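The values are calculated or read from the model by the stated rules, or taken from the named source; none is laboratory data. Fair warning: this is a prediction, and the values are worked out from it, not measured in the lab. Don't worry about glycine lacking a Cβ; one is built from the backbone with ideal geometry, like all the others, and counts go over all protein chains shown. Side chains included, ligands, DNA and RNA excluded: accessible areas come from the protein's heavy atoms. Shrake-Rupley method; radii C 1.70, N 1.55, O 1.52, S 1.80 Å.
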Amino acid sequence: MSHDHDHDNEFDPFAARVRALETILTHKGLIDPGAIDVIVDTYETRIGPRNGARVVAKAWADPEFAAWLERDATAAIGSLGYTGRQGEHMQAVFNTEDTHNLVVCTLCSCYPWSVLGLPPVWYKAPPYRSRAVIDPRGVLEEFGLTLPATKIRVWDSTAELRYLVVPMRPGGTEGWGEDRLADLVSRDAMIGTGLARQPA
């Protein structure tokens, strides 16, 4: 059967399938779209990467908080209200001019949901989990990150301990408030597969 015509569809194929399934389930009265919106909003804004970005921004702006975060990440992060499943025991690792930190879970996909939200698919994939330990520099290059003169330290998350990378604060951000700083922090930067965004 020929299928060579274009569809007026703003979604990629996967998103289109999800939207179609949601529409069918809504019409059958099996789900409430409002409830789905609340769940999505929760993961995107309350237990997603924005939480981690706020932690990093506070560490950049407040040296006392940064010291606390380095000493006892679980308590420091908890003081901001970010606790819960898979974030009970945290350690913050700080990037420096000399050392770049990269987080992986070689056994499964242990990940700090309370500060980073849902793990990306690639984080759970066997190629990342094995190669991040064997060839971290090569893995970073695949993410577009070349760090020839920097030591790369790999941290292996477990069920008992999860890690948050605190990227280096970009230059030109002196005097910025925490909200503005948080906009520079991506999920990948807090895993170690990226850097903080440079200010525009």
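Brief remarks follow.
- Filtering the range 164-196 to residues that are open to solvent by less than 50 Å² (accessible area, probe 1.4 Å), in a helix (DSSP H, G or I) and either of a type outside the set (D, E, K, R) or touching a Leu at 6+ places or on another chain (Cβ under 8 Å) (or both) leaves 181, 182, 189, 190, 191.
- Qualifying positions in the range 137-175 - touching a helix residue (DSSP H, G or I) at 6+ places or on another chain (Cβ under 8 Å) and touching a residue at least 12 places away in the same chain (Cβ under 8 Å): 139, 143, 147, 152, 154, 156, 164, 165, 166, 167, 169, 173
- Scanning the range 14-66 for residues that are at pLDDT below 85, hydrophobic (A, V, I, L, M, F, W, C) and surrounded by fewer than 13 Cβ atoms within 10 Å (Cβ to Cβ) yields 14, 15, 18, 35, 38, 39, 40.
- Taking the range 83-128 as the range and being more than 12 Å from the chain's Cα centre (by Cα), in contact (Cβ under 8 Å) with a residue 60 or more places away in the chain and not in a strand (DSSP E or B) as the test, the residues that pass are 86, 87, 89, 95, 96, 97.
- Failed item, numbered, when residue 95 is tested on (1) modelled with pLDDT under 95; (2) of a type in the set (S, T, N, Q); (3) surrounded by 15 or more Cβ atoms within 10 Å (Cβ to Cβ): (1)
- Residue in the range 122-163 that is least open to solvent (accessible area, probe 1.4 Å), counting only those that are closer than 19 Å to residue 95 by Cα and β-branched (Val, Ile, Thr): 139
- Some residue of the range 98-109 being open to solvent by 60 Å² or more (accessible area, probe 1.4 Å) and within 27 Å of residue 174 (Cβ to Cβ): yes
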